[in-house]
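Please treat every number below as a calculation from the coordinates, not as lab data. This structure is a prediction, so every number in the text was calculated from the model and none was measured.
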Amino acid sequence: MAGPQDRIWDLDTGRMELKEIPSFHLSPSVSPQSNRRRIARLLPAQTFSLIPHLSYLAPSPTSPLNPIGWPCSLVLTQSQALVCPNSSIMKFSIAISSFRVPFSRNPLLITMTLLFLVLWTSTLVGTTDLSNWFLENALVFVALGTLCLTYKRMQFSDLTYLLLIVYLCLHVYGAKHTYAENPFGYWLMDTFDLGRNHYDRIVHFSFGFLLAYPMRELFLVALKYPPWVAWLLPIEITMSLSALYELIEWVVADVFFPAQGIAFLGTQGDVWDAQKDIMLAFSGAIIATTIVSTIKKQFKIE
């Protein structure tokens, strides 16, 4: 049981001090996440950061280093604690991080979410084809609903949410004008003397490049798949989902909404458009996976 006279190692002052903190008990029989939530309710958020890591081993009073590795805000035992004030740590989680900052205390995630919602709303207000906007954004509604409903069970890392939001921004911006009529694509077309509006190609490549990492985190962290499976499955699923999406496009455009079919498909006269889109997404996933693997090997990250 930790009490109000626990010893605190303050990294700002560099000395061990007695500080008043609420009494609480860390139970080794429950998960670290449960202990973190318990601490969150008791410690004043304006005074202490919450901790990505918990340890039941006392840190040495002569060393401010966290025995279980940085970043760390607080290491607690039955008699003492190691504390870093909020100002000392900038938390940004990746897939292998052992901590996740809750949405309500994550200014980066809140800012990214608000920026996306503003952009998404602006695409609806300024769209040139309302029917196409709803068709293009149907999967966005599904994706956002899934992320919200499963948030308590599976909270992704900050990096994953960043990649997801960047991809969704690219997609909803394309839906505003339709992919074939996208202004940025026309700018690229004029600047580089291209034969078509390639904005749709950018988004298809981004599907693999930006979403391979989130899929890897899902398999590695949430589903506890072996690392080699978590590397391979995102590439395979990217190709499979790309092919499935092309089939969905065909059914939607030809069967359910033929009036919006040409705008929705955005083939621009290219008979191999579907195959090229699949290949771009597949290539993006391979490149993203290769980059992450190279970084892990270069910096010897387990």
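See the values below:
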{"read-out": "Lysine pair count for segment 103-298 [Cα-Cα under 26 Å; pairs on different chains or 8 or more apart]", "value": "4"}
{"read-out": "Segment 100-240 - percent relative contact order, Cα under 8 Å, separation 6 or more", "value": "23 percent"}
{"read-out": "From phi via Karplus (6.51, -1.76, 1.60), per-residue ³J(HN,Hα) for segment 92-99 in Hz, x at Gly/Pro", "value": "9, 8, 10, 4, 8, 5, 8, 10"}
